[in-house]
Structures are given as C-alpha cells and as structure tokens.
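Asker: Below is one structure. I have some questions about it.
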Amino acid sequence: MAPYTQPFLERRSRGQKHPVEDFLFTYYTLSPAQFTRWHPGPGVVLLDTPERTDWAFYRPATRSELAAAGAREGASGVVVDAEAFLAKRGTAVRFTREILANTAAKTGTFDCFGLHEWAMAYRAEKNGVRHEGVELRLGAQGTDEVVRGHRIRCSHFDAFRFFQPQAVERNELQPTRQAQRTMEQPGCLHATMDLYKWAYKLLPAVDSDLLADCFELAWDVRRTDMEASPYDLAERGYEPVRIETPEGKAEYVRRQRAFAARGTELRVRLVAATDRLLEAAA
C-alpha cells in the first residue's frame, strides 16, 4: 500500500494538496498508519505476537485454538476477538450488512453520467469553485449549461449533500441519511467507493487483503469520478471524460459498468465477512 500512502504523507509534510489522490485519505477517516497496519481477520492465530494483546479487539488464543492451528508445544498467539467486537459494534455490523445486501440486490443504474460533480460546481460565479487551484474545463457558464441541459438522478446522500443550493431541486431524487440503506444502488460510483469505508469500519474483523482490494477499487473510481467532473485536470495527467458529449457518456457508462462488476464481487466478500462475524459471536 506504500505506493498510495507514501506520496500523500510526503505531500502533507510539505503542505501540498492533490485534488484527486488526497480524497481517500481526507474524506474517509482511516489514517495511513491505521490503513497499513495488517490484520489477518477472525479465525487466524498469530503466533509470537504478544504486543497485539493490547490492540483493540484482540485476545490471547486459547489452547484449543493453538492446537487447531498446529502450533508447537508451549507457543502463544493472539486472535481477533469477534465476540468483543460484536458486543461493541454489533449495531454497526448489522447496519453494514443491511446496506451492502440491499445494494447488491438492486439492478444498477447507469445513466447518471457523473452529474453529481457538476451539481456541486453549479453557479460557480456565485458559489465559488470547490477545488482550490483547479479551473472549470468549460468555465462557469458552460458548467451551468451542462447541469441545466441534463436530468440529474443522484441516489447517494453523501454526494447529494454537497450539491450547490441552486442544484438541489434539480435532482429528481431526494436522498436522505434515513433512506440511505434502501436508496443506494450498485451502479453508483460513490456507493462503490464507500465499499472501502464499510471495510475499514469492520477492522480488525475483516482481513487486510479485503480492505486493500476495496481501497484499490475506490482509487480507480475516484480517478474516473474526477475525469468525468467539470474540472480541468489535464495538466496533472487526467484526460477528461467529456460527459457532455455522446462519446463521453458512452465511455462513462463503460467504466461505470466495469466498476459495478468489481464492486459486486467485493460486496459479496464483505457480506460474507459480516456473516462469519455474526456466526462466530453467536
């Protein structure tokens, strides 16, 4: 994970910002240090790691667990304490499972064309530009024309809540935090990025391989999210997906479907992880 975390840490030490890559470390709440701390997930005995007994949701392995793992005589080890985790975070585990399963059961919607980012930049002459030091590719007036010329059907509350005030009523859907568990759908780029959030909220009760896979998908999605946005990022190496054109729309949908397919696999793994956790603590 160092190729992702190290550049961010170096930029932060210099007081520099990146409009695309910083997002997964600033919007989401898992720090790089927490992110790069390896966890095997429940049911795995870590031998000779007494320092982990002081880590949250770890406990010493029992004799039977050590024997089942084939440990040598007199060995010590630790395991993730699924019971303690569920006792402390059971509500969050069940909510996570519900929202993931509900989303997985839906048919994806693939006609939003990333217009949530345009709605966040609407009326920039009055509201200002959200990303400091980044120009609008079509200018303020051109951005507004794209917003006014398209249907906007954003289903993701945490994208919708950043719409500029004048764009809120243009959204055909009105997502709320309360309706989040039933409104999210697998075609949504932000719902796909959020798989990373759901994974780290389950640490250490999910393994770090699953966390890393969710992060890498979120990283790729973030790139497309900003390439399809109204911002001009060409000088930073991001070629625009011109969603205001038929060709750009087709390219956006192609990528959106590929991300949804990857996200579906990860949702299955995350739901299975919550099920194992609930079963282990039963």
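The values are calculated or read from the model by the stated rules, or taken from the named source; none is laboratory data. Quick caveat: nothing in here was measured; it's all calculated off a predicted structure. Neighbour counts are summed over all protein chains in view; Cβ atoms, including those assigned to glycine, are modelled from backbone coordinates with ideal geometry. For accessibility, only protein heavy atoms count, side chains too; no ligands or nucleic acids. Shrake-Rupley method; radii C 1.70, N 1.55, O 1.52, S 1.80 Å.
Asker: Taking K and R as +1 and D and E as -1, what net charge do the other residues with C-beta under 13 Å from the C-beta of Gly149 add up to?
Answerer: Values: positive: Arg148, Arg151, Arg170, Lys249; negative: Asp144, Glu145, Glu244.
Residues near Gly149 contribute +1 overall.
Asker: Let me ask something else. Among Gly70, Gln166, Gly187, which residue has its Cα furthest toward the positive end of the charge dipole of the chain, with +1 on Lys/Arg Cβ and -1 on Asp/Glu Cβ?
Answerer: The one lying farthest along the dipole's positive direction is Gln166.
Asker: Can you tell me the dipole magnitude for the chain around its Cα centre, using point charges on the Cβ only (Lys, Arg +1; Asp, Glu -1), in Debye to the nearest 20?
Answerer: Values: 39 positive and 39 negative charges, 115 e Å.
Charge dipole of the chain: 560 debye, to the nearest 20.
Asker: Within a Cβ distance under 13 Å of Leu100, other residues only, what is the Lys/Arg minus Asp/Glu net charge? Before the final figure, lay out each step's value.
Answerer: Values: positive: Arg94, Arg97, Lys106, Arg181, Lys197, Lys201, Arg267, Arg269; negative: Glu98, Glu184, Asp194, Glu265, Asp275.
It works out to a net charge of +3.
Asker: Work out the length of the dipole vector of the range 100-181 about its Cα centre, built from +1 on the beta-carbon of each Lys and Arg and -1 on the beta-carbon of each Asp and Glu, and round it to the nearest 20 debye. Before the final figure, lay out the partial values.
Answerer: On the way: 12 positive and 10 negative charges, 67 e Å.
Once rounded to the nearest 20, the dipole reads 320 debye.
Asker: Based solely on C-alpha atoms, express the radius of gyration and the Dmax of the range 17-110 in angstrom.
Answerer: My reading of the Cα-based Rg and Dmax gives 18.3, 57 Å.
Asker: Please quote Rg/Rh for the range 105-191 to two decimal places, taking the Kirkwood radius as Rh and restricting both calculations to Cα atoms.
Answerer: Over the Cα atoms of the range 105-191, Rg/Rh equals 0.98.
Asker: Order these peptides, 231-239, 258-266, by their mean beta-carbon neighbour count within 10 angstrom, highest first. Please list the in-between numbers first.
Answerer: Values: 231-239: 13.7, 258-266: 17.4.
The peptides rank, most packed first, as 258-266, 231-239.
Asker: Further question on the same structure: How big is the Rg/Rh ratio for the range 56-207, C-alpha atoms only, Rh by Kirkwood, two decimals? Don't skip to the end; give the middle numbers.
Answerer: Values: Rg = 22.5 Å, Rh = 18.8 Å.
Here Rg/Rh amounts to 1.20.
Asker: Also, quick follow-up: By how many degrees, 0 to 90 and rounded to 10, does the Cα axis of helix 2-14 deviate from the longest principal axis of the chain?
Answerer: 70
Asker: Here is a further query. Eigenvalues of the Cα gyration tensor times 5, then square-rooted: what semi-axes does that give for the range 158-248, in whole angstrom, largest first? Please list the in-between numbers first.
Answerer: On the way: eigenvalues 133, 91, 22 Å².
For the range 158-248, the ellipsoid semi-axes come out as 26, 21, 10 Å.
Asker: Something else now. Arrange the peptides 207-215, 22-30 so that the one whose residues have, on average, the most other Cβ atoms within 10 Å appears first. Working shown, then result.
Answerer: Values: 207-215: 20.3, 22-30: 15.7.
Top to bottom by mean Cβ count within 10 Å: 207-215, 22-30.
Asker: What whole-number value in cubic angstrom gives the convex hull volume per residue for the C-alpha atoms of the chain?
Answerer: Numbers: hull volume 40.1 nm³, N = 282.
Normalising the Cα hull of the chain by residue number yields 142 Å³.
Asker: Further question on the same structure: If you count only protein heavy atoms and use a 1.4 Å probe, how large is the accessible surface of Val134, to the nearest 10 Å²?
Answerer: 10
Asker: Enter the accessible area per residue of the chain (Å², integer; probe 1.4 Å; all protein chains in place). List each step's numbers first, then the result.
Answerer: Values: 13950 Å² over 282 residues.
For the chain, the solvent-accessible area averages 49 Å² per residue.
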